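The structure appears below as structure tokens.
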Amino acid sequence: MTELISSPYFLIPAVVLDVVFTGLAMWFSARRKNIPIFIMALVIQLFGIPELIYLLVIRNSKKLDK
């Protein structure tokens, strides 16, 4: 499973889709003058909040057997 996730054939499209979806969300929220959603999308993208949550959960969880 880790080989699939670390593969560039998975990673590059995942990063591109993340950027596209975040950009679309920010664009639509700005056009509708929905400032809270725009700021939320900007903060999540800038600070990598989902990644930080994931790292904090993994770091504090039990170690998996290899």
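Quick one: in the stretch 24-41, of everything that is exposed (fewer than 12 other Cβ atoms within 10 Å of the Cβ) and part of a helix (DSSP H, G or I), which residue is farthest from the chain's Cα centre (by Cα)? Before you say what the answer is, go through the steps one by one.
Taking the stretch 24-41 first, the residues exposed (fewer than 12 other Cβ atoms within 10 Å of the Cβ) are 24, 31-33, 35-36.
Retained after the next criterion (residues that are part of a helix (DSSP H, G or I)): 24, 31, 35-36.
Working: 24: 14, 31: 22, 35: 20, 36: 18 Å.
Step by step, filter the stretch 24-41, then rank; the result is 31.
Only residues that are at pLDDT below 80, surrounded by 10 or more Cβ atoms within 10 Å (Cβ to Cβ) and of a type in the set (Val, Ile, Thr): list them for the stretch 2-23, please.
none
The values are calculated or read from the model by the stated rules, or taken from the named source; none is laboratory data. Keep in mind that this is a model prediction, so the values were computed, not measured. In this analysis, Cβ positions are derived from the backbone assuming ideal geometry, glycine residues included, and neighbour counts consider all displayed protein chains.
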